[in-house]
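Report on one structure; see the data block that follows.
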Amino acid sequence: MDFEFSAEQRMLRDSIRSAYSRDIMPIQRAYPQDRPLPKAAFLKIQQAVAPLGFYGARVPLELGGSGLDHVSWGMFYEEFPPVLSTGLLACEATTTRLARGSSAVVRERFLPGLLDGRLIGASGTSEPNVGSDPRGVETRAVPAGDGHYAISGRKLWTSNGSICDVLMAVVRLESPGGASSLARVAVERAASPFEAREVAVIGLQQGHLSEVVFDNCVVPAENLLGSGDDAAQVLQATWLAQRPAFGLMGVHLCRAALDASVRYAKERVQFGKTIAHFQLVQGLVAEMYTLTLASRLLAYQALALLDRGIVCHAEASAAKMMGTESAVKVTRLAMQLHGSMGLTVEAGLERLHRDACMLPLPEGTTQIQQLIIGRELLGVRAFR
């Protein structure tokens, strides 16, 4: 077992860090942290990330992919704050899904702009009555004549939905004979307008979590992706890598909370000495460190398995569950270590904790991850 990055991966990590501090962080900090970034600002961030190969990591080389391995791709999520990486992942996942099973017409229209960051992508799967079961999608696409389909329905919890240029919607495709199948369709916002509104949430507030409404939104039939009932398989395939990616988002927050706690423990004086001398404080730091380290190793292990071509449902779910739940706990422990200062907005820990609380729910809740792990170990499905 090798727990070290290769020389090439270390160079990429350094490039990611440089790009963030030089090109991305100034944009992020120029706007309020408690409201979504303007679309123009997010586009600038996307275009700063694109040269590093992020958007093409899971796209085949012959379609313009970058050839990054999964472990290298995971570094972006550890190094970027989740308030940005959740939106970047939404675009990258859309790019990956559009590349799978799309026609040459669709690829030529959307992939170049998505790969170089000129277009913002989003994927619409969850609905008011549909969360962890994509097969229950209620949004309908029906024939509208002249080689078009009309989409009607609502999507909820759609990252980038309010600012996207292209949205990959999972729909129930109605055939003239009355049968239906789960399908994917690329909706180009400029040509097929739809409504979207921001959803106010407690964390990741510079992001764009949206509700999307389709009201007879007409799209050309050529925008249908894949063939047959492939939508669920495509979603599952992409979720497999995205779960450890969310684990690494949690690691980013754990590291930030741990670093702040170590600094504070060395500076804060009580009873004539710094609180770093106190056993209970050292216990808090040790627990925070252990949770951070374990989360990081689990996430990169799952990504390394994917690089070896191993389908690792249990490991990916364990990485997601461990990393996101650890972020919630570590950020709370950091607030505890800081005492009353931990409750202040000035310290920034409450924002880390609110951001952490957002992570256990997307890509399958913690409870869904438990059921996946249970299914893999016991061979019995607790859900279909």
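With respect to E4, is the statement that it is assigned to a helix (DSSP H, G or I) and not aromatic (F, W, Y) true?
So E4 fails the test.
Taking S103 as the residue in question, decide whether it is assigned by TED's automatic domain parsing to the domain that holds Y20 and at pLDDT below 95.
Yes: the conditions hold for S103.
Please go through (1) touching a Pro at 6+ places or on another chain (Cβ under 7 Å); (2) over 23 Å from Q9 (Cβ atoms); (3) not aliphatic (A, V, I, L, M) for P36 and return the number of the only condition it doesn't satisfy.
Against the list (1) touching a Pro at 6+ places or on another chain (Cβ under 7 Å); (2) over 23 Å from Q9 (Cβ atoms); (3) not aliphatic (A, V, I, L, M), P36 comes up short only on (1).
Taking region 264-280, which residues are outside any helix (DSSP H, G or I) and either of a type in the set (S, T, N, Q) or in contact with a His (Cβ under 6 Å, 6 or more places away or on another chain) (or both)?
Q270, T274
Between residues in region 348-375 that are of a type in the set (D, E) and residues that are in a loop (DSSP other than H, G, I, E, B), which pairs lie under 8 Å by C-beta distance while being six or more apart or on different chains?
These pairs meet every condition: E350/T344; D355/P81; D355/G203; D355/L204.
Being outside the structural domain of E188 (by TED's automatic domain parsing), on the phi < 0 side of the Ramachandran plot and in contact with a Pro (Cβ under 7 Å, 6 or more places away or on another chain) is true for just one of G87, G74. Which residue is that?
One residue alone meets the criteria, G74.
Every residue in region 168-185 that is of a type in the set (A, V, I, L, M, F, W, C) and within 26 Å of the chain's Cα centre (by Cα), please.
If the condition is that a residue be of a type in the set (A, V, I, L, M, F, W, C) and within 26 Å of the chain's Cα centre (by Cα), then M168, A169, V170, V171, L182, A183, V185 are the ones that fit.
Do we have F246 as of a type in the set (F, W, Y) and surrounded by 17 or more Cβ atoms within 10 Å (Cβ to Cβ) here?
Criteria met by F246.
Filtering region 338-347 down to residues that are touching a residue at least 60 places away in the same chain (Cβ under 8 Å) and touching a helix residue (DSSP H, G or I) at 6+ places or on another chain (Cβ under 7 Å), which residue is nearest to D34 (Cα to Cα)?
Within region 338-347, the match that is nearest to D34 (Cα to Cα) is A347.
Yes or no: region 216-226 includes at least one residue that is surrounded by fewer than 20 Cβ atoms within 10 Å (Cβ to Cβ), outside the structural domain of H70 (by TED's automatic domain parsing), in contact (Cβ under 8 Å) with a residue 12 or more places away in the chain and polar (S, T, N, Q).
yes
Counting residues that are among the hydroxyl-bearing types (S, T, Y) and in contact with a strand residue (DSSP E or B) (Cβ under 8 Å, 6 or more places away or on another chain), which strands (runs of 3 or more DSSP E) fully inside region 78-167 reach at least 2?
By residue number, 148-159.
When region 1-45 is examined, which residues are found to be crowded, with 18+ Cβ neighbours inside 10 Å and in contact with a Phe, Trp or Tyr (Cβ under 8 Å, 6 or more places away or on another chain)?
Selection gives I16, Y20, I24, L37.
Find the residue count for region 44-77, including only residues that are outside any loop (DSSP other than H, G, I, E, B), in contact with a Leu (Cβ under 9 Å, 6 or more places away or on another chain) and of a type in the set (A, V, I, L, M, F, W, C).
9
The values are calculated or read from the model by the stated rules, or taken from the named source; none is laboratory data. Not measured: the values here are computed from a predicted model. Note: ideal-geometry Cβ built from the backbone for every residue, glycine included; neighbour counts use all protein chains shown.
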